[in-house]
1. Which one of 272, 62, 80 has the biggest mean-square fluctuation once the chain is modelled by GNM with Cα springs under 10 Å?
2. Compute the orientation-averaged projected area for segment 11-98 from the convex hull of its Cα atoms and round it to one decimal in nm².
3. Only Cα pairs under 8 Å and at least 6 apart count here; give the relative contact order of the chain as a rounded whole percent.
4. Check the straight Cα-Cα distances from residue 95 and name the lysines below 16 Å, setting aside those fewer than 8 residues away within the same chain.
5. Let me have the 222 nm mean residue ellipticity of the chain computed from DSSP H runs of 4+ only, each contributing -39500 (n - 2.57), with the sum over all residues rounded to the nearest 500.
6. Rounded to the nearest angstrom and ordered from largest down, what semi-axes does the equivalent ellipsoid of segment 196-310 get from its C-alpha gyration tensor (root of 5λ)?
7. Label the chain by shape, choosing from rounded, prolate and oblate, from the square roots a ≥ b ≥ c of the eigenvalues of the Cα gyration tensor; if a/c is under 1.5 it is rounded, and otherwise prolate applies when a/b is larger than b/c, oblate when it is not.
8. Which Cα, out of 124, 396, 326, lies furthest along the positive dipole direction of the chain (beta carbon charges, K/R +1, D/E -1)?
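We did not get these values from a lab; they are worked out from the coordinates using the rules stated. As the structure is a computational prediction, the values presented were derived from the model and not from experiment. Cβ placement follows ideal geometry from the backbone for every residue including glycine, while neighbour counts extend to all protein chains displayed.
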Amino acid sequence: MARLLQAPPKFHLSEWDIANKMQCASTESQKSRSERMIAESRRLRDEIEKTTQKTQSDVNKKIEQRRDEIKFWKQELDNKLEQIVHETEVLLTFKTRLEKALESCKEPLDVAQKCLLRRQRRAGIDLVHDEVEQELVKEAEVLQGVIALLERTLEQTNEQIRLNRSAKYNLEMDLKDKFTALTIDDYCASLTNNTPDIRYADNALKIEGNFVSPEDWIDFSNMNVEKAEKQRNNSLALRALIDGILSQTASDMRKQRETVNVVFRNRVKEVKDAKNKLETLLAMVMDETASQEKNIAALKKAIADKEGPVKVAQTRLEARNHRPNVELCYDTVQYRLTSEVQEITKNIQRQDTLAQAETELKALSRRQLSLEEEIQVKENTLYIDEVLCMQMRESVSINNF
């Protein structure tokens with residue numbers, strides 16, 4: 001208790017003086033350090049502010065450059081997309097031309113095949129493998145070849161249209177991504193330090209695994225552009241090929257069609273000439289038949305006219321054979337009667353040409369029938385070639401598509 005009430009120690013005046021001096025020195029030192037810190041902080045703030053402003057300005061420039069890059073490639077993609085869309089539309093019109101050309105081949109082929117089939121109905125000697133048939137077979141082969149070529153070209157066109165649309169799809173997808181990226185970068189470019197909706201993002205610095213390099217980014221769009229350009233060039237080349245094929249096939253079909261028509265006309269003329277000759281021969285045979293019939297009638301009349309004289313002569317001979325005794329004399333009368341009977345009989349026998357004439361008449365009848373049948377054959381051929389085939393072919397036209 002006594003110790004608790006003990007007075008605190010007392011210091012010397014010198015100690016007090018030293019303590020005051022130390023407080024002043026310490027305070028001055030602390031003040032100096034604080035002033036240096038304030039100055040350093042001000043310098044650091046100024047430096048950080050300048051650096052931050054410079055960095056942000058650089059980022060703004062980079063964003064603007066990136067926007068320009070995206071706009072450039074977006075324009076490139078837009079141009080190529082417009083070109084490939086236009087080219088595909090044009091190629092679709094060429095596809096339609098091919099389809100029309102292919103459809104137009106069916107009728108000429110059908111007509112050629114019908115002509116070949118109908119000409120099988122020619123009769124007799126007219127059922128000949130003539131030049132018309134040869135050219136019709138060739139025409140059918142030409143048309144079948146054209147159809148096969150057009151079908152292959154149509155398949156090639158469909159495939160090219162598919163490739164064009166694939167390139168168009170890639171361009172559209174790339175453009176869609178470019179539009180989204182440009183929209184995002186436009187938003188980023190619009191942000192300032194005073195924009196209300198800026199915020200901290202915890203995962204902003206996290207780099208995702210699907211990031212690509214700028215080089216890969218350029219290569220991707222460049223590849224889409226090059227693919228589209230390649231398909232466009234292929235499409236242009238195909239259109240030129242289609243133009244050539246359509247022109248050449250139409251020319252070949254027209255040329256063969258005209259060739260067939262020419263040989264048809266020539267053949268019809270030949271058949272008509274043959275028919276006219278047969279008709280002339282028929283008229284000649286009919287005239288000769290009429291003459292032969294008159295000849296037979298005359299021969300029959302001549303024979304009939306000899307019946308009276310021969311009967312008279314034979315009756316006289318028969319009567320004179322009944323003369324009595326010595327009157328049964330072979331006198332000049334008897335001699336002349338006998339001679340008359342023999343002469344008339346001989347002359348009648350000489351008229352056996354009647355049988356020959358009748359044989360000739362039968363031969364003329366057979367010849368007439370043969371000529372009439374042959375003329376019918378020619379008429380049948382003319383009906384098939386001139387009426388059925390040539391008139392049917394007149395409805396066929398070969399157009400350019």
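1. With Cα springs under 10 Å in the chain, the top fluctuation among 272, 62, 80 is at 62.
2. Average projection, Cα convex hull of segment 11-98: 9.3 nm².
3. Values: 239 pairs, mean separation 108.4, N = 401.
It comes to 27 percent, rounded to a whole number.
4. none
5. That calculation yields -30000 deg cm²/dmol at 222 nm.
6. Here the semi-axes work out to 107, 15, 9 Å.
7. prolate
8. The Cα lying farthest towards the positive end belongs to 396.
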